[in-house]
Amino acid sequence: MPQATFTFPKGFLWGTATASHQVEGGNNNNNWAIWEDTPGKIIGGHRSGRACDWWCGKRWKEDFDRAAETGQNTHRLSIEWSRVQPAADRWDEDAINYYREIVRGMTERKLMPMVTLHHFTDPIWFYEQGGWEMEDAPGLYARYVEKVVEALKEYVSVWVTINEPNVYTLNGYVEGAFPPGKKDVGAAFGVYCNLVRAHAQAYRIIHKIQPQARVGFAHHYRSVLPARSWSPFDRLAAKLVFESINVAFPGALLDGRVRLLGKQCRVPEAIGTQDFFGLNYYTRTLVAFVLDAKQFFQRSFFPPGVEVSPTGFLANVPEGFYEAMRWATRFNVPILITENGVEDNDDRLRPSYLVEHVHQVWRALNNNFQIKGYYHWSLVDNFEWERGWTQRFGLWGLNPESQSRLRRPSVDLYAAICRENALSSAMVEKFAPRSFARLFPV
């Protein structure tokens with residue numbers, strides 16, 4: 001049986017990622033609290049509730065203990081805007097101090113904090129005034145950014161301005177699955193432009209306060225290929241999907257133009273406003289042209305024959321991950337894998353998914369891609385937005401009622417990778433034997 005070790009560069013970042021609304025619990029002052037209270041918006045009527053009890057129960061302490069004890073050296077978390085600024089004219093200093101306690105606790109555990117400033121949620125006051133459709137939305141967001149960065153600069157120097165602005169916009173303003181639940185391409189375009197402006201403002205504010213900071217955004221990359229490569233219609237449909245999902249936001253940081261669904265706006269101040277490229281990758285889909293304007297003339301589905309997650313949400317296509325990293329090199333900044341993972345309550349697919357995707361990171365490094373770190377989604381099961389508690393992405397399982405944690409086998413697999421700063425044939429043979437022949441062919 002072949003034996004080999006894929007070794008990573010010294011100082012490589014190994015961590016996990018979380019988001020405030022999904023783990024803190026008790027977030028009742030943001031747009032997702034309203035969404036959870038609206039019948040039919042969350043699968044099964046689920047609510048975030050106590051989530052992972054990080055806020056009131058301070059269970060972030062034990063979860064970060066677990067992360068540190070299993071070899072992780074960093075963690076990506078987010079700040080809840082509605083806690084920091086519960087009303088337009090008021091800051092909550094107690095909440096700010098609590099976030100200081102959390103990031104200080106991370107550094108004490110030798111976990112480098114990466115802080116996301118906006119991860120899908122908006123304060124109710126901001127949401128009810130019109131949210132990101134408002135002309136002054138970027139300026140309102142900039143005030144919040146300045147407040148948080150000033151407060152946390154002692155402990156944090158790596159910042160994500162906005163998480164997945166493409167997902168936020170398309171789900172909230174085109175597909176209607178996220179608040180505010182609109183299906184309005186014109187509104188979506190305006191939101192996209194404002195998010196680019198907000199990112200650019202945040203970038204400059206952070207660097208004014210903290211010149212040595214590293215600032216980027218987290219981009220959801222979807223690998224998209226035409227279902228029939230010979231079909232010009234499928235190729236066109238795939239191109240439109242690719243550009244809408246993958247190009248509109250990051251492209252503006254190259255040339256100062258937002259292009260979305262046939263519209264265009266100029267944001268020249270956005271050019272060059274990233275010190276790293278935050279890359280979120282989960283899966284690949286094929287796209288076929290269909291004569292249905294309601295579906296934007298396309299139908300997406302997974303490639304045939306690939307392994308699919310238990311709820312059919314994701315497919316295990318690690319080749320798409322390499323494609324994503326190669327694509328991200330065009331921005332000529334270091335790349336951080338800010339999210340990658342799979343929902344799998346029984347931990348049957350996750351070990352294979354994990355080793356095969358980590359192997360693609362190693363492959364990218366050996367082709368001189370400047371990958372600096374990998375953040376697995378997620379540390380512990382959490383509330384998965386409109387999918388509620390039906391999907392389990394955590395290395396650690398969670399019972400939301402009892403708040404008990406379950407050590408899945410993937411905890412020990414990822415711990416071995418983190419501690420050794422490597423992926424070895426012995427690890428794959430022990431934890432993911434189904435992947436052995438794919439990673440170590442004879």
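Read-outs throughout are calculated quantities, based only on the coordinates presented, and are distinct from any laboratory measurement. Nothing here was measured: the structure is a model prediction, and the numbers come from that model. Because the Cβ atoms are built from the backbone with ideal geometry, glycine has one as well, and the counts that use them run over all protein chains shown.
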Choice from Ser82, Ser378, Ser404 with maximal GNM fluctuation in the chain (Cα, 10 Å cutoff): Ser404
For the chain, convex hull of alpha carbons as volume per residue, Å³: 138 Å³
Share antiparallel - DSSP beta bridges, the stretch 9-420, percent rounded to 5: 30 percent
In range of the label at Asp184: residues from the stretch 241-267 whose backbone nitrogen is under 19 Å from the point 7 Å along Cα→Cβ: 260-265
Computed label-point distance, nm, for sites Glu420 and Arg438 using a 7 Å Cα→Cβ extension: 1.9 nm
Inter-label distance, nm, simple model (7 Å from Cα along the C-beta direction), Ile209/Phe313: 3.2 nm
Separation between Cα centres of the stretch 5-80 and the stretch 352-422, rounded to whole Å: 13 Å
Gained length - Ser300 relative to Asp255, 0.36 nm times residue gap less alpha-carbon distance: 13.3 nm
Pairs from Lys110/Lys153; Lys41/Lys263; Lys58/Lys110; Lys153/Lys372; Lys208/Lys263 whose Cα-Cα separation, in the structure shown, is over 23 Å: Lys41/Lys263; Lys208/Lys263
Where labels lie 7 Å past Cα in the beta-carbon direction, separation of His46 and Asp412 in nm: 2.7 nm
Cα centroid separation, the stretch 245-309 to the stretch 90-165 (Å): 25 Å
Built amide H within the under 5 Å cut-off of Thr283, gap 5+: Ser223
Unmatched cysteines, the chain - criterion: no other Cβ of a Cys under 4.7 angstrom: Cys52, Cys56, Cys418
The chain - mean residue ellipticity at 222 nm from DSSP helices (-39,500 (n - 2.57) per run, n ≥ 4, rounded to 500): -11000 deg cm²/dmol
Prolate/oblate/rounded call for the stretch 1-135, Cα gyration tensor, a/c under 1.5 rounded: prolate
Extended-chain gain in nm, criterion 0.36 nm per residue less alpha-carbon gap, Glu62 and Val290: 77.1 nm
Mean Cα-pair separation over length for the stretch 326-434, i.e. relative contact order, pairs under 8 Å, 6 or more apart, %: 27 percent
The chain: most fluctuating residue of His199, His119, His46 per GNM, C-alpha cutoff 10 Å: His46
Residues whose placed amide H lies under 5 Å from that of Thr116, excluding near-sequence neighbours: Leu77, Ser78, Ile79, Val160
